[in-house]
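We did not get these values from a lab; they are worked out from the coordinates using the rules stated. Values in this document were obtained by computation on a predicted structure and should not be read as measured data. Positions of Cβ are backbone-derived with ideal geometry, glycine not excepted, and every protein chain shown enters the neighbour counts.
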Amino acid sequence: MKYVKKLFLLLLMILTVSGCGVVSQDKTSSEPAEVKASVANQSADKKILVVYFSRTGEEYGLGNITKGNTAIVAEYIAKKTGADMFEIKPATPYPDAYEPCTEIAKQELESNARPAFAANIDNLAQYDTIFIGYPIWWGAVPRVVMTFLEANDFNGKTIIPFCTHGGSGLAGTEREISDACLNAKVLSGLAIVGKSAQNDFPDVQKNVDAWLNQLGY
Ligand SMILES: Cc1cc2nc3c(=O)[nH]c(=O)nc-3n(C[C@H](O)[C@H](O)[C@H](O)COP(=O)(O)O)c2cc1C
C-alpha cells in the first residue's frame, strides 16, 4: 500500500510539471568551431562558480544516499570547468525520510516560502559565470534556492542552470531563475535523471561533457 502511495506521488509530480518549456536559448550552440574555441579561451580567464543544493537521506527507488544526485553532477561540472563550488544548505535541514520531505517541500511551494539558508556566499562578486544546480521539487526550483537567488546580486552575470529530476526535466525552472535574476543572462540548462547520477555515472559524464562542449568549455 505504501509503495502504491509513493508511486502515485511520483506520477503526480511528473504530471504536475509536464508541458513547461525552455525560455532562454544558448546562443553558442549553433556557432562555428572557431567561435566556440574563443569562448572557451575567454571562459578560462574568468572565474566560474558552481552553486548547488542537494539532499541526502532516503531517495525514491534508491534507498539511503550519502551524496545527493545534484551534488554528484555539480562536482563533475566543477572538475571539468575548474570552477569553485558553493553548497546552499538550509538552516533547518530537510528530513532524511523521503515522504515527510516531499510534504514540507509541497507546503513551501504552496506558500511560496523563502526558507533560510545556513550561510551565504561572501565572494559572489568575483565570479562572472555561475552554474546553478538543484533537484526539481514539485515541478519547481526548491524554495531555499529561490532564497539564495534573491539574496544575492546576479546583475551582469551569466547563469547556467542544471537540475536532476525523476522524470520532469527542467520543468520551466530556467524561467523561475531568470525572473528572480532579472539582469543576468540565463542560458539553457541541463536536466539529468537523478538516479543515473548514482547508477550510471558514465552516462552522466557523457551528457555533461556534450553540454559543456556546446557551451564552449
Ligand atoms: C520534495 C521532492 C519533490 C520532488 N518533485 C519532483 C518533481 O516534481 N518532478 C521530478 O521529476 N522529480 C521530483 N523529485 C525527484 C528529485 O528531483 C530527484 O530525485 C533529484 O535527483 C534529487 O536530487 P538530490 O539528490 O540532489 O536532492 C522530487 C524529490 C523530492 C525530495
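A few remarks follow.
- Measuring against 21 Å, Cα to Cα, the residue pairs K46/K89; K67/K157; K80/K206; K47/K79 contain K46/K89; K67/K157 as the ones spanning a longer distance.
- Relative to the compact-globule estimate of 2.2 N^0.38 Å, the Cα radius of gyration of segment 102-217 comes out at 1.09.
- V204, V50 arranged by Cβ crowding within 10 Å, fewest neighbours leading: V204, V50
- The three principal axes of the Cα atoms in segment 164-217 give end-to-end lengths of 37, 27, 12 Å, sorted in falling order.
- Neighbour-count ranking [beta-carbon atoms within 10 angstrom, fewest first] of V144, V73: V144, V73
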